[in-house]
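Chemist: Below are the C-alpha coordinates for one structure; questions will follow.
The values are calculated or read from the model by the stated rules, or taken from the named source; none is laboratory data. No experiment lies behind these values; they were computed from the predicted model shown. Glycine also receives a Cβ, built like all others from the backbone with ideal geometry; neighbour counts cover every protein chain displayed. SASA here: full protein model, heavy atoms, side chains in, ligands and nucleic acids out. Shrake-Rupley method; radii C 1.70, N 1.55, O 1.52, S 1.80 Å.
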Amino acid sequence: MLLENMSYVEVEAYLVEKDIILIPIGSVEQHSPYGLIGTDFITAEAVAREVGKRLDILVAPTITYGMSQHHSGFKGTVTLSPLTLTSLVIDISNSLLNQGFKRLVFINGHGGNINPVKTAFDHIKYQNKQGILQIISWYLLPEIQEMEKDIFEELNGLHATPSEVSITKFLRPEAFKNKPKEKKKVEKIETYFPLSGEEFKKIYPDGRMESAPWLAKEKYGKLILEEAVRATANIIKDILKKKII
Ligand code: NI
(Lines give C-alpha, C1' and ligand atoms only; values in the text may rest on other atoms or scores of the structure.)
Protein backbone atom coordinates (compact mmCIF):
# COMPACT_ATOMS: atom_id res chain seq x y z
CA MET A 1 0.00 0.00 0.00
CA LEU A 2 1.61 3.21 -1.16
CA LEU A 3 0.73 6.49 0.49
CA GLU A 4 1.21 8.29 -2.81
CA ASN A 5 -1.62 6.29 -4.39
CA MET A 6 -4.15 6.84 -1.61
CA SER A 7 -6.75 9.51 -0.94
CA TYR A 8 -7.02 11.18 2.46
CA VAL A 9 -10.29 9.31 2.95
CA GLU A 10 -8.43 6.02 2.58
CA VAL A 11 -5.69 7.17 4.96
CA GLU A 12 -8.37 8.05 7.54
CA ALA A 13 -9.83 4.54 7.19
CA TYR A 14 -6.33 2.99 7.49
CA LEU A 15 -5.70 4.92 10.70
CA VAL A 16 -8.84 3.47 12.29
CA GLU A 17 -7.25 0.00 11.95
CA LYS A 18 -3.48 0.61 12.01
CA ASP A 19 -0.91 3.14 13.17
CA ILE A 20 2.26 2.01 11.39
CA ILE A 21 3.98 3.45 8.32
CA LEU A 22 7.25 2.55 6.61
CA ILE A 23 9.48 5.31 5.23
CA PRO A 24 12.23 4.17 2.84
CA ILE A 25 15.39 6.30 2.97
CA GLY A 26 18.54 6.07 0.84
CA SER A 27 21.06 8.33 -0.84
CA VAL A 28 22.05 9.79 -4.19
CA GLU A 29 25.74 8.98 -4.25
CA GLN A 30 28.48 7.35 -6.27
CA HIS A 31 28.70 3.57 -6.02
CA SER A 32 32.00 3.14 -7.92
CA PRO A 33 32.07 2.75 -11.73
CA TYR A 34 30.21 -0.55 -11.31
CA GLY A 35 27.12 0.53 -9.37
CA LEU A 36 24.22 2.97 -9.73
CA ILE A 37 24.10 6.37 -8.07
CA GLY A 38 20.59 5.50 -6.87
CA THR A 39 21.65 2.17 -5.31
CA ASP A 40 20.83 3.01 -1.70
CA PHE A 41 17.34 4.37 -2.27
CA ILE A 42 16.48 1.74 -4.90
CA THR A 43 17.33 -1.09 -2.48
CA ALA A 44 15.63 0.50 0.56
CA GLU A 45 12.51 1.26 -1.46
CA ALA A 46 12.31 -2.30 -2.81
CA VAL A 47 12.60 -3.80 0.70
CA ALA A 48 10.04 -1.39 2.18
CA ARG A 49 7.48 -1.79 -0.60
CA GLU A 50 7.61 -5.58 -0.57
CA VAL A 51 7.31 -5.68 3.24
CA GLY A 52 4.39 -3.22 2.99
CA LYS A 53 2.69 -5.46 0.43
CA ARG A 54 3.16 -8.65 2.48
CA LEU A 55 2.06 -7.18 5.82
CA ASP A 56 -0.59 -4.89 4.33
CA ILE A 57 0.92 -1.73 5.78
CA LEU A 58 1.40 1.72 4.37
CA VAL A 59 4.66 2.86 2.73
CA ALA A 60 5.46 6.58 2.44
CA PRO A 61 7.23 8.07 -0.59
CA THR A 62 10.97 7.36 -0.52
CA ILE A 63 13.41 9.88 0.89
CA THR A 64 15.86 9.54 -1.99
CA TYR A 65 18.52 12.03 -0.85
CA GLY A 66 20.61 11.28 2.21
CA MET A 67 23.73 12.33 4.08
CA SER A 68 26.60 11.51 1.71
CA GLN A 69 29.14 14.26 2.34
CA HIS A 70 31.98 11.71 2.28
CA HIS A 71 31.15 10.88 -1.37
CA SER A 72 30.96 14.51 -2.48
CA GLY A 73 34.28 14.28 -4.35
CA PHE A 74 32.59 12.15 -7.01
CA LYS A 75 30.36 13.53 -9.76
CA GLY A 76 26.66 12.80 -9.46
CA THR A 77 26.65 12.63 -5.68
CA VAL A 78 24.01 14.95 -4.23
CA THR A 79 24.09 15.22 -0.46
CA LEU A 80 22.08 16.81 2.31
CA SER A 81 24.07 18.22 5.22
CA PRO A 82 23.73 16.18 8.43
CA LEU A 83 21.62 18.95 9.98
CA THR A 84 19.33 19.19 6.95
CA LEU A 85 18.67 15.45 7.00
CA THR A 86 17.94 15.59 10.74
CA SER A 87 15.50 18.47 10.15
CA LEU A 88 13.87 16.66 7.22
CA VAL A 89 13.30 13.52 9.31
CA ILE A 90 11.91 15.61 12.20
CA ASP A 91 9.44 17.37 9.89
CA ILE A 92 8.29 14.22 8.08
CA SER A 93 7.94 12.35 11.38
CA ASN A 94 6.01 15.15 13.08
CA SER A 95 3.61 15.38 10.12
CA LEU A 96 2.83 11.69 10.47
CA LEU A 97 2.74 11.63 14.29
CA ASN A 98 0.38 14.61 14.37
CA GLN A 99 -2.10 12.70 12.19
CA GLY A 100 -2.26 9.61 14.37
CA PHE A 101 0.58 7.41 13.12
CA LYS A 102 2.31 5.95 16.18
CA ARG A 103 4.88 3.56 14.66
CA LEU A 104 7.29 5.13 12.18
CA VAL A 105 9.81 2.71 10.72
CA PHE A 106 12.54 4.09 8.46
CA ILE A 107 13.85 1.39 6.09
CA ASN A 108 17.40 2.52 5.41
CA GLY A 109 19.89 1.71 2.67
CA HIS A 110 22.80 3.99 3.60
CA GLY A 111 25.17 4.14 6.59
CA GLY A 112 25.63 7.92 6.52
CA ASN A 113 21.94 8.38 7.35
CA ILE A 114 22.00 6.53 10.65
CA ASN A 115 23.39 9.25 12.95
CA PRO A 116 21.25 12.10 11.54
CA VAL A 117 18.09 9.94 11.66
CA LYS A 118 18.77 8.87 15.27
CA THR A 119 19.44 12.50 16.23
CA ALA A 120 16.04 13.33 14.73
CA PHE A 121 14.42 10.61 16.87
CA ASP A 122 16.05 12.06 20.00
CA HIS A 123 14.78 15.51 19.07
CA ILE A 124 11.22 14.25 18.54
CA LYS A 125 11.28 12.59 21.96
CA TYR A 126 12.70 15.82 23.42
CA GLN A 127 9.52 17.41 22.03
CA ASN A 128 7.60 14.86 24.11
CA LYS A 129 5.90 13.05 21.22
CA GLN A 130 4.30 9.65 21.72
CA GLY A 131 5.14 6.63 19.60
CA ILE A 132 7.77 4.23 18.30
CA LEU A 133 10.54 5.57 16.07
CA GLN A 134 12.83 3.00 14.52
CA ILE A 135 15.40 2.70 11.77
CA ILE A 136 16.12 -0.66 10.12
CA SER A 137 19.21 -0.74 7.90
CA TRP A 138 18.61 -3.83 5.75
CA TYR A 139 22.31 -4.44 4.97
CA LEU A 140 23.19 -4.55 8.70
CA LEU A 141 20.72 -7.32 9.52
CA PRO A 142 22.62 -10.39 10.80
CA GLU A 143 20.83 -12.66 8.30
CA ILE A 144 22.05 -10.48 5.44
CA GLN A 145 25.60 -10.25 6.71
CA GLU A 146 25.72 -14.01 6.98
CA MET A 147 24.38 -14.43 3.46
CA GLU A 148 26.90 -11.90 2.08
CA LYS A 149 29.70 -13.84 3.73
CA ASP A 150 28.44 -17.11 2.24
CA ILE A 151 28.21 -15.68 -1.28
CA PHE A 152 31.05 -13.13 -1.49
CA GLU A 153 33.30 -14.22 1.41
CA GLU A 154 35.67 -11.35 2.33
CA LEU A 155 34.93 -9.41 -0.87
CA ASN A 156 31.63 -7.77 0.07
CA GLY A 157 33.42 -4.78 1.61
CA LEU A 158 31.81 -1.63 2.95
CA HIS A 159 30.61 0.39 -0.01
CA ALA A 160 29.56 -0.39 -3.57
CA THR A 161 29.19 -3.91 -2.25
CA PRO A 162 28.40 -6.78 -4.62
CA SER A 163 25.38 -7.39 -2.39
CA GLU A 164 23.69 -4.01 -2.97
CA VAL A 165 24.83 -3.94 -6.60
CA SER A 166 23.27 -7.41 -7.10
CA ILE A 167 19.90 -6.15 -5.85
CA THR A 168 19.93 -3.18 -8.23
CA LYS A 169 21.02 -5.48 -11.04
CA PHE A 170 18.04 -7.73 -10.30
CA LEU A 171 15.66 -4.74 -10.17
CA ARG A 172 17.07 -2.67 -13.06
CA PRO A 173 19.11 -4.94 -15.36
CA GLU A 174 18.92 -2.46 -18.24
CA ALA A 175 20.91 0.11 -16.23
CA PHE A 176 23.95 -2.20 -16.26
CA LYS A 177 24.39 -2.54 -20.02
CA ASN A 178 27.37 -0.19 -20.18
CA LYS A 179 28.88 -0.68 -16.72
CA PRO A 180 32.41 -2.18 -16.54
CA LYS A 181 32.97 -5.85 -15.72
CA GLU A 182 36.70 -6.19 -15.17
CA LYS A 183 38.22 -7.19 -11.82
CA LYS A 184 40.38 -4.84 -9.76
CA LYS A 185 42.48 -5.21 -6.64
CA VAL A 186 40.62 -5.37 -3.33
CA GLU A 187 42.68 -3.83 -0.55
CA LYS A 188 42.12 -3.61 3.19
CA ILE A 189 42.78 0.00 4.12
CA GLU A 190 43.59 1.39 7.57
CA THR A 191 41.79 4.69 8.06
CA TYR A 192 39.60 6.71 10.39
CA PHE A 193 35.96 7.80 10.21
CA PRO A 194 34.23 10.08 9.48
CA LEU A 195 36.04 11.24 6.35
CA SER A 196 35.58 14.45 4.36
CA GLY A 197 34.86 14.19 0.64
CA GLU A 198 38.51 14.97 -0.16
CA GLU A 199 39.88 12.50 2.38
CA PHE A 200 37.57 9.76 1.09
CA LYS A 201 38.68 10.22 -2.51
CA LYS A 202 42.37 10.08 -1.53
CA ILE A 203 41.94 6.72 0.19
CA TYR A 204 39.28 5.20 -2.06
CA PRO A 205 40.12 6.66 -5.49
CA ASP A 206 37.56 4.67 -7.52
CA GLY A 207 34.82 4.94 -4.89
CA ARG A 208 34.83 1.33 -3.70
CA MET A 209 35.52 0.54 -0.06
CA GLU A 210 37.18 -2.91 0.07
CA SER A 211 34.51 -4.36 -2.21
CA ALA A 212 34.32 -6.39 -5.41
CA PRO A 213 31.17 -5.10 -7.13
CA TRP A 214 32.01 -7.00 -10.35
CA LEU A 215 30.85 -10.15 -8.50
CA ALA A 216 27.26 -8.83 -8.51
CA LYS A 217 24.68 -11.06 -10.19
CA GLU A 218 20.92 -10.79 -10.64
CA LYS A 219 20.37 -14.20 -9.05
CA TYR A 220 22.22 -13.12 -5.88
CA GLY A 221 20.19 -9.91 -5.84
CA LYS A 222 16.95 -11.88 -5.90
CA LEU A 223 18.11 -14.05 -2.98
CA ILE A 224 19.46 -11.18 -0.87
CA LEU A 225 16.39 -9.00 -1.45
CA GLU A 226 14.09 -11.85 -0.42
CA GLU A 227 16.09 -12.41 2.77
CA ALA A 228 16.10 -8.66 3.55
CA VAL A 229 12.31 -8.58 3.10
CA ARG A 230 11.81 -11.66 5.27
CA ALA A 231 14.08 -10.43 8.09
CA THR A 232 12.66 -6.89 8.00
CA ALA A 233 9.08 -8.21 8.06
CA ASN A 234 9.92 -10.21 11.20
CA ILE A 235 11.19 -7.09 12.97
CA ILE A 236 8.07 -5.20 11.90
CA LYS A 237 5.84 -7.95 13.28
CA ASP A 238 7.53 -7.40 16.67
CA ILE A 239 7.08 -3.63 16.39
CA LEU A 240 3.37 -4.19 15.72
CA LYS A 241 3.05 -6.19 18.97
CA LYS A 242 4.55 -3.44 21.13
CA LYS A 243 2.23 -1.44 23.33
CA ILE A 244 2.34 2.32 22.78
CA ILE A 245 2.91 3.92 26.17
NI1 NI B 1 25.22 1.87 -0.85
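Chemist: Restricting to the stretch 123-142, name every residue that is surrounded by fewer than 15 Cβ atoms within 10 Å (Cβ to Cβ), part of a helix (DSSP H, G or I) and out of contact with any Leu (no Cβ under 9 Å at 6 or more places or on another chain).
Modeler: Selection gives Y126, L140, P142.
Chemist: Here's another thing I want to ask about it. Which residues, taken from the stretch 29-71, are touching a helix residue (DSSP H, G or I) at 6+ places or on another chain (Cβ under 8 Å) and of a type in the set (D, E)?
Modeler: Those that are touching a helix residue (DSSP H, G or I) at 6+ places or on another chain (Cβ under 8 Å) and of a type in the set (D, E): E29, D40, E50.
Chemist: Would you say K125 is charged (D, E, K, R) and touching a residue at least 12 places away in the same chain (Cβ under 8 Å)?
Modeler: no
Chemist: Can you tell me which residues in the stretch 1-36 are within 16 Å of the ligand (Cβ to nearest atom), of a type outside the set (G, A, S) and either buried (at least 19 other Cβ atoms within 10 Å of the Cβ) or over 30 Å from W214 (Cα atoms) (or both)?
Modeler: Matches in the stretch 1-36: P24, I25, V28, E29, Q30, H31, Y34, L36.
Chemist: For the stretch 165-200, what are the residues that are in contact (Cβ under 8 Å) with a residue 12 or more places away in the chain, in a loop (DSSP other than H, G, I, E, B) and farther than 28 Å from E45 by Cβ?
Modeler: Matches in the stretch 165-200: E182, K183, K184, V186, E187, K188, I189, T191, S196.
Chemist: Taking the stated definitions as given, is E50 in contact with an Asp or Glu (Cβ under 9 Å, 6 or more places away or on another chain), open to solvent by 20 Å² or more (accessible area, probe 1.4 Å), more than 12 Å from the ligand (Cβ to nearest atom) and in a helix (DSSP H, G or I)?
Modeler: Yes.
Chemist: Does K53 satisfy the criteria of being more than 27 Å from A216 (Cβ to Cβ) and either in contact with a strand residue (DSSP E or B) (Cβ under 6 Å, 6 or more places away or on another chain) or not polar (S, T, N, Q) (or both)?
Modeler: So K53 fails the test.
Conditions tested, residue by residue: (1) in a helix (DSSP H, G or I); (2) among the hydrophobic types (A, V, I, L, M, F, W, C).
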{"residue": "V9", "(1), (2)": "yes, yes"}
{"residue": "Y14", "(1), (2)": "yes, no"}
{"residue": "I23", "(1), (2)": "no, yes"}
{"residue": "S32", "(1), (2)": "no, no"}
{"residue": "L36", "(1), (2)": "no, yes"}
{"residue": "R54", "(1), (2)": "yes, no"}
{"residue": "H70", "(1), (2)": "yes, no"}
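Chemist: Those residues that are β-branched (V, I, T), in contact with a strand residue (DSSP E or B) (Cβ under 8 Å, 6 or more places away or on another chain) and surrounded by fewer than 21 Cβ atoms within 10 Å (Cβ to Cβ), I need them from the stretch 63-87; list them, please.
Modeler: Matches in the stretch 63-87: T64, T77, V78, T79.
Chemist: With respect to the numbered conditions (1) open to solvent by less than 30 Å² (accessible area, probe 1.4 Å); (2) within 16 Å of the ligand (Cβ to nearest atom); (3) outside any helix (DSSP H, G or I), which one is the sole condition not fulfilled by N113?
Modeler: Checking N113 against (1) open to solvent by less than 30 Å² (accessible area, probe 1.4 Å); (2) within 16 Å of the ligand (Cβ to nearest atom); (3) outside any helix (DSSP H, G or I), the one that fails is (3).
Chemist: Still on this structure: Tell me which residues, restricted to the stretch 143-164, are in a helix (DSSP H, G or I), surrounded by fewer than 18 Cβ atoms within 10 Å (Cβ to Cβ) and within 15 Å of the ligand (Cβ to nearest atom).
Modeler: Q145
Chemist: Being of a type in the set (A, V, I, L, M, F, W, C) and over 10 Å from the mean Cα position of the chain (by Cα) is the filter here, so list the residues in the stretch 95-139 that pass it.
Modeler: Passing the criteria: L96, L97, F101, L104, V105, V117, A120, F121, I124, I132, L133.
Chemist: Please determine whether any residue of the stretch 90-100 is within 27 Å of F193 (Cα to Cα), in a helix (DSSP H, G or I) and either touching a Lys or Arg at 6+ places or on another chain (Cβ under 9 Å) or more than 15 Å from the ligand (Cβ to nearest atom) (or both).
Modeler: yes
Chemist: Do we have E164 as more than 27 Å from T232 (Cβ to Cβ) and either at pLDDT 95 or above or charged (D, E, K, R) (or both) here?
Modeler: no
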